[in-house]
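Heads up, the thing below is written out as structure tokens.
The values are calculated or read from the model by the stated rules, or taken from the named source; none is laboratory data. No experiment lies behind these values; they were computed from the predicted model shown. Using ideal geometry, Cβ is built from the backbone for each residue, glycine included, and neighbour counts are taken over all protein chains shown. Areas reflect the complete protein model, heavy atoms only, side chains present, ligands, DNA and RNA absent. Shrake-Rupley method; radii C 1.70, N 1.55, O 1.52, S 1.80 Å.
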Amino acid sequence: MNVLISRCLLGINCRYDEKNNKIKNLREKFPKINFIDVCPEVDSGMKTPRKPCEIKNSKVINIDGEDFTKEFKKGSQIALDLCKKYNINIALLKAKSPSCGKDYIYDGNFNKNLINGDGITCQVLKKNGIIIFSEKEIEDFYSYISAK
């Protein structure tokens, strides 16, 4: 089974601050899963490190007010193309990210205030029928995968 995963959750330092959000023992718990990694921001051509971005008024802006909506949309299409190429219908994505966040994202004011909403890639994948889990829902992900 193929599962799309945010690259930072595999321990790759691709976050805006050159860090990662590795989930320990993920591959050991699911040796039969083929994790297909994606970082929509890096895959769209954005550099690491980069200034933090948030969504405000349907646009993705960095802390200096520069618009990166085009890059984020390009990255979401890359993620969707991977899902189509590898017949993926489940994704494990990074919570709160302006790309991958599910259910909650930062409000666009760079003050760490969360609001209801999804990142750009999460929105696109959901619209295309991909089942999304964040690392905050790891137990639900484990249960779902184990039942398959």
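In table form, for the structure just shown:
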item	result
Dipole magnitude of the chain, debye to nearest 20 (Cβ charges: Lys/Arg +1, Asp/Glu -1, about Cα centre)	300 debye
Translational diffusion coefficient (Stokes-Einstein; Kirkwood radius from C-alpha pairs) of the chain at 4 °C, 1.567 mPa s, in µm²/s	85 µm²/s
Residue among 104, 134, 58 farthest towards the positive dipole end of the chain, charges placed on Cβ	134
Per-residue HN-Hα couplings for segment 3-18 [Karplus 6.51, -1.76, 1.60; θ = phi - 60°; Hz; x = Gly/Pro]	10, 6, 9, 5, 4, 5, 6, 8, x, 8, 7, 10, 4, 4, 9, 6
Cα gyration tensor, segment 68-148 - rounded (a/c under 1.5), prolate or oblate	oblate
Accessible area per residue, Å², segment 26-148 with all protein chains present, probe 1.4 Å	54 Å²
Sites excluded, chymotrypsin sites (Phe, Trp or Tyr not before Pro) in DSSP loops with at most 16 other C-beta within 10 Å, longest stretch of the chain	1-85
Amide proton proximity set for residue 60, modelled H, under 5 Å, gap of 5+	68, 69
Sparsely packed trypsin sites (Lys or Arg not before Pro) within segment 29-98, loop by DSSP, other Cβ within 10 Å at most 11	32, 47
Sum of -39500 (n - 2.57) over DSSP H runs of 4+, divided by residues of the chain (222 nm, nearest 500)	-8000 deg cm²/dmol
Low-density loop positions, GluC sites (Glu not before Pro), segment 30-106 - DSSP coil, at most 12 other Cβ in 10 Å	66
